[in-house]
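Report on one structure; see the data block that follows.
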Amino acid sequence: MGLKRQKQAKKTLSFYKYNFSFREPFQILFDGTFCQAALKNKIQIKEQMPKYLMGEVQLCTTNCALKELETLGKELYGAKIILQRFQVRRCPHFKDPVPASECLLSMLGETNPHHYFVATQDHTLTAGLKKIPGVPLLYIILNTMVLDKPCQTSLDHVKAVQLGELVSPAQQQSIHSLKEEQGISPKDGERRGKKRKRKQSNPNPLSCLKKRKGGPTPPKKTEQGEKRKRIRRKKRRTEGGDMSAPAVTNK
């Protein structure tokens, strides 16, 4: 069973690494319920968690989770001692603490941008985590730690990315890095996307001149075969021998 569980964990980790860009060291957020279950089942979290996830881990919690254990009394004193050994991540409820389940959900937001794992035994928190894509869930069952299979929300998100309906975080990061290499800022991209309006220019002055009416008349052509008539003028003599005005005859 241990080998089968390890094989399933490796498959689930590959899913989150490939589709949601999870990298080592894996950041794991704990609440008091998980630490109490680990104490009850004699599970050494610091030793067993890196072996189970096959990589370096960072064990984290929040101030709200610690405050919650303080208010619950001596019964959870052991869980409080375990949780105090982890890194405390800053949450927005430093002055006004909220329940651990509410605090951890606020740390993840809508898309889990910091790539947190969550280790909890709280059913209310688990139901809220399954509504957020890309959140690996850890819990304890039968004296063993278990990495839950990807929830339906994560599967639907990956399917939408594959169909081109969404852009994965890895693709967003690669697009951003390529823009930085090319020296393209988001404002430049917006400017390039907009079409430039053409400026109104004055018309060509030559095109505004009036056209000349008429033109040189071509010479009249005579019909082929038609001969040009010559005009001869003859002078007539009068009875007195004087020359009179010439008469015009056509030939």
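The values are calculated or read from the model by the stated rules, or taken from the named source; none is laboratory data. What you see is a predicted model, and the numbers here were worked out from it, not measured in a lab. Don't worry about glycine lacking a Cβ; one is built from the backbone with ideal geometry, like all the others, and counts go over all protein chains shown. Remember, those area values only see protein heavy atoms, side chains included, never the ligands or the DNA or RNA. Shrake-Rupley method; radii C 1.70, N 1.55, O 1.52, S 1.80 Å.
Descriptive notes on the structure:
- Residue check for T12: β-branched (V, I, T), open to solvent by less than 20 Å² (accessible area, probe 1.4 Å) and in a helix (DSSP H, G or I): yes
- Filter pass, K46 being in contact with a Leu (Cβ under 8 Å, 6 or more places away or on another chain) and open to solvent by 90 Å² or more (accessible area, probe 1.4 Å): yes
- Against the numbered list (1) open to solvent by less than 40 Å² (accessible area, probe 1.4 Å); (2) acidic (D, E); (3) under 31 Å from the mean Cα position of the chain (by Cα), D31 comes up short only at (3).
- Search result, residues across region 117-169 that are among the charged types (D, E, K, R) and free of Cβ contacts under 8 Å to residues at least 24 places away in the same chain: K130, K131, D156, K159, E165
- Yes/no for L53 being closer than 24 Å to S154 by Cα, in contact with a Lys or Arg (Cβ under 8 Å, 6 or more places away or on another chain) and in contact (Cβ under 8 Å) with a residue 24 or more places away in the chain: no
- Among the conditions (1) in contact with a strand residue (DSSP E or B) (Cβ under 9 Å, 6 or more places away or on another chain); (2) surrounded by fewer than 21 Cβ atoms within 10 Å (Cβ to Cβ), L53 misses just one, which is (2).
- Selection status of E24, over 25 Å from L155 (Cβ atoms) and without any contact (Cβ under 8 Å) to a residue 40 or more places away in the chain: no
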